[in-house]
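Each remark here refers to the structure printed beneath this line.
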Amino acid sequence: MAFQKTILITGGAGFIGSHLVRLLVKKYPKYHIVNLDKLTYAGNLENLKDIEDSLNYTFVKGDVTDEKHVDQLFTAFRFDGVVHLAAESHVDRSIANPMSFIETNIVGTVVLLNAARHHWKETAGKRFYHISTDEVYGSLGETGYFTEETPYDPRSPYSASKASSDHLVRAYYHTYGLPAVVSNCSNNYGPYQFPEKLLPLVINNIRHNKPLPVYGDGLYTRDWLWVEDHAAAIDLIYHQGQAGRTYNIGGNNEWKNIDLVQQLCDIMDQLLGRPAGTSRNLITFVKDRPGHDRRYAIDASRIKRELGWEPAIQADEGLRRTAQWYLENTEWLERVTSGAYQKYYEEQYGGE
């Protein structure tokens with residue numbers, strides 16, 4: 001079958017990546033979507049069961065830091081585009097082990113940039129799209145928003161590694177003329193998120209009547225973005241965004257952590273048929289983590305103004321959808337929390 005485009009998605013078995021892969025495979029049957037994923041703890045092929053046999057989809061197990069393998073893939077598939085999502089993304093893990101974040105988030109990005117630069121002698125119709133985070137901007141006070149012009153001020157090893165990779169992508173655009181775009185998004189939530197993250201962690205703990213850990217005073221504020229809205233924005237930026245441009249993607253959904261957890265407690269009590277207020281009793285304030293940014297909030301007016309995107313799902317609906325999905329997919333949740341799914345991967349693709 002002759003395809004119109006072949007696009008490499010890195011980290012396509014992860015949370016955001018799997019939603020993007022599903023969207024592109026279904027929406028563009030004449031595109032060949034190649035998913036490169038290392039299948040670490042947060043990568044899960046069960047996230048893509050519904051499209052794994054699609055004629056326009058190929059999964060490749062591999063590491064973005066493996067120069068030889070990445071070069072071989074560019075040679076074999078002759079990619080027209082790269083959407084780079086593969087990253088270590090958990091702040092607490094970056095504090096415990098910064099080096100793995102440096103290797104994947106910085107070195108891995110450079111490996112991909114070099115491969116694209118080497119193979120794309122003619123850049124017409126090509127695109128390198130790097131997905132990043134609002135955490136690169138640092139911390140806001142009680143007012144104001146991050147814009148695309150906000151100076152970078154990363155506070156954790158995770159955000160510092162993402163800031164570095166952002167700068168490298170822009171440097172390759174300016175130095176080598178690589179047709180690159182960058183987007184920085186706020187906190188994503190929705191189905192298929194690994195339960196180390198706040199929302200699925202809270203949902204899973206409520207199911208098992210376990211404590212709900214909330215850092216510090218619980219007043220840390222984040223903007224929450226429904227993951228399918230994010231995937232739609234990525235699709236739009238890939239096809240219509242301007243090379244060399246940065247786009248902030250936000251959900252217009254600011255929540256203090258404690259308010260978000262309490263709202264989720266109330267939703268879970270309703271869905272589980274428990275007396276109102278039951279789950280709130282599980283909330284436990286724990287010692288704050290080092291370098292904890294107080295507030296993030298995104299000004300997403302550029303992508304709305306230039307590309308016509310805005311979020312479709314607001315928090316009340318999104319939180320209920322999220323809780324309902326995890327309750328309806330408890331087997332998935334048990335497998336990813338127990339590590340049982342690793343056996344499946346080893347049988348299919350071999351161990352690390």
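The values are calculated or read from the model by the stated rules, or taken from the named source; none is laboratory data. Bear in mind that the values here come from a model prediction, so they are computed numbers and not experimental data. Counting neighbours? That spans all protein chains shown, and the Cβs are built from the backbone with ideal geometry, glycine included.
On the basis of being assigned to a loop (DSSP other than H, G, I, E, B), of a type in the set (Asp, Glu) and surrounded by fewer than 20 Cβ atoms within 10 Å (Cβ to Cβ), does residue 235 make the cut? Reasoning before the result, please.
Working: assigned to a loop (DSSP other than H, G, I, E, B): no; of a type in the set (Asp, Glu): yes; surrounded by fewer than 20 Cβ atoms within 10 Å (Cβ to Cβ): yes.
Criteria not met by residue 235.
For the residues 233, 171, 180, the requirement of being among the small types (Gly, Ala, Ser) and within 15 Å of the chain's Cα centre (by Cα) singles out 233.
Go through 352, 317, 306 for me and flag whichever is surrounded by fewer than 12 Cβ atoms within 10 Å (Cβ to Cβ), modelled with pLDDT of 85 or more, out of contact with any His (no Cβ under 8 Å at 6 or more places or on another chain) and not in a strand (DSSP E or B).
Criteria check complete, one pass: 317.
Can we say residue 135 is outside any loop (DSSP other than H, G, I, E, B), touching a residue at least 60 places away in the same chain (Cβ under 8 Å) and either out of contact with any Pro (no Cβ under 8 Å at 6 or more places or on another chain) or within 25 Å of residue 305 (Cβ to Cβ) (or both)? Yes, satisfied.
Within region 252-266, if we keep just the residues that are within 17 Å of residue 217 (Cβ to Cβ) and of a type in the set (S, T, N, Q), the residue that is nearest to the chain's Cα centre (by Cα) turns out to be 257. Can you find a residue that is more than 19 Å from residue 132 (Cα to Cα) and surrounded by fewer than 20 Cβ atoms within 10 Å (Cβ to Cβ) anywhere in region 296-303? No, that holds for no residue.
Against the criterion of being over 17 Å from residue 298 (Cα atoms) and over 19 Å from the mean Cα position of the chain (by Cα), residue 125 qualifies.
Residue check: residue 193 meets all listed conditions (1) buried (at least 22 other Cβ atoms within 10 Å of the Cβ); (2) closer than 27 Å to residue 106 by Cα; (3) at pLDDT 95 or above but one, namely (3). Restricting attention to region 66-90, the residues being of a type outside the set (Gly, Ala, Ser), farther than 21 Å from residue 24 by Cα and surrounded by 19 or more Cβ atoms within 10 Å (Cβ to Cβ) number 2.
State whether one or more residues within region 156-170 are in contact (Cβ under 8 Å) with a residue 40 or more places away in the chain and assigned to a loop (DSSP other than H, G, I, E, B). Among the residues of region 156-170, at least one is in contact (Cβ under 8 Å) with a residue 40 or more places away in the chain and assigned to a loop (DSSP other than H, G, I, E, B), which makes the answer yes. Give just the number: which of (1) without any contact (Cβ under 8 Å) to a residue 40 or more places away in the chain; (2) closer than 19 Å to residue 227 by Cα; (3) not charged (D, E, K, R) does residue 261 not satisfy? Single failed check for residue 261: (1).
Among the helices (runs of 4 or more DSSP H) confined wholly to region 1-116, which include 1 or more residues that are in contact (Cβ under 8 Å) with a residue 24 or more places away in the chain and of a type in the set (Asp, Glu)? Even if it seems obvious, please write down each step before you answer.
Details: elements: 15-27, 67-77, 91-96, 98-101.
Helices (runs of 4 or more DSSP H) meeting the threshold: 67-77, 91-96.
Tell me, yes or no, whether region 270-281 has at least one residue that is without any contact (Cβ under 8 Å) to a residue 60 or more places away in the chain and either touching a Ser or Thr at 6+ places or on another chain (Cβ under 7 Å) or surrounded by 18 or more Cβ atoms within 10 Å (Cβ to Cβ) (or both).
At the first step, the residues of region 270-281 found to be without any contact (Cβ under 8 Å) to a residue 60 or more places away in the chain are 270-271, 273-278, 280-281.
Then drop every residue that is not either touching a Ser or Thr at 6+ places or on another chain (Cβ under 7 Å) or surrounded by 18 or more Cβ atoms within 10 Å (Cβ to Cβ) (or both), which leaves none.
There is no residue in region 270-281 that is without any contact (Cβ under 8 Å) to a residue 60 or more places away in the chain and either touching a Ser or Thr at 6+ places or on another chain (Cβ under 7 Å) or surrounded by 18 or more Cβ atoms within 10 Å (Cβ to Cβ) (or both).
Restricting attention to region 284-295, does a residue exist that is closer than 20 Å to residue 159 by Cα, of a type outside the set (A, V, I, L, M, F, W, C), touching a residue at least 12 places away in the same chain (Cβ under 8 Å) and assigned to a helix (DSSP H, G or I)? Looking through region 284-295, none of the residues is closer than 20 Å to residue 159 by Cα, of a type outside the set (A, V, I, L, M, F, W, C), touching a residue at least 12 places away in the same chain (Cβ under 8 Å) and assigned to a helix (DSSP H, G or I). Determine whether region 123-131 contains at least one residue that is touching a residue at least 24 places away in the same chain (Cβ under 8 Å), under 30 Å from residue 254 (Cβ atoms) and out of contact with any Leu (no Cβ under 8 Å at 6 or more places or on another chain). Scanning region 123-131, I find at least one residue that is touching a residue at least 24 places away in the same chain (Cβ under 8 Å), under 30 Å from residue 254 (Cβ atoms) and out of contact with any Leu (no Cβ under 8 Å at 6 or more places or on another chain), so the answer is yes.
State yes or no: is residue 54 under 28 Å from residue 224 (Cα atoms), of a type in the set (Ser, Thr, Tyr) and touching a helix residue (DSSP H, G or I) at 6+ places or on another chain (Cβ under 9 Å)? Break it down into steps so the answer makes sense when it comes.
Details: under 28 Å from residue 224 (Cα atoms): no; of a type in the set (Ser, Thr, Tyr): yes; touching a helix residue (DSSP H, G or I) at 6+ places or on another chain (Cβ under 9 Å): yes.
No: the conditions fail for residue 54.
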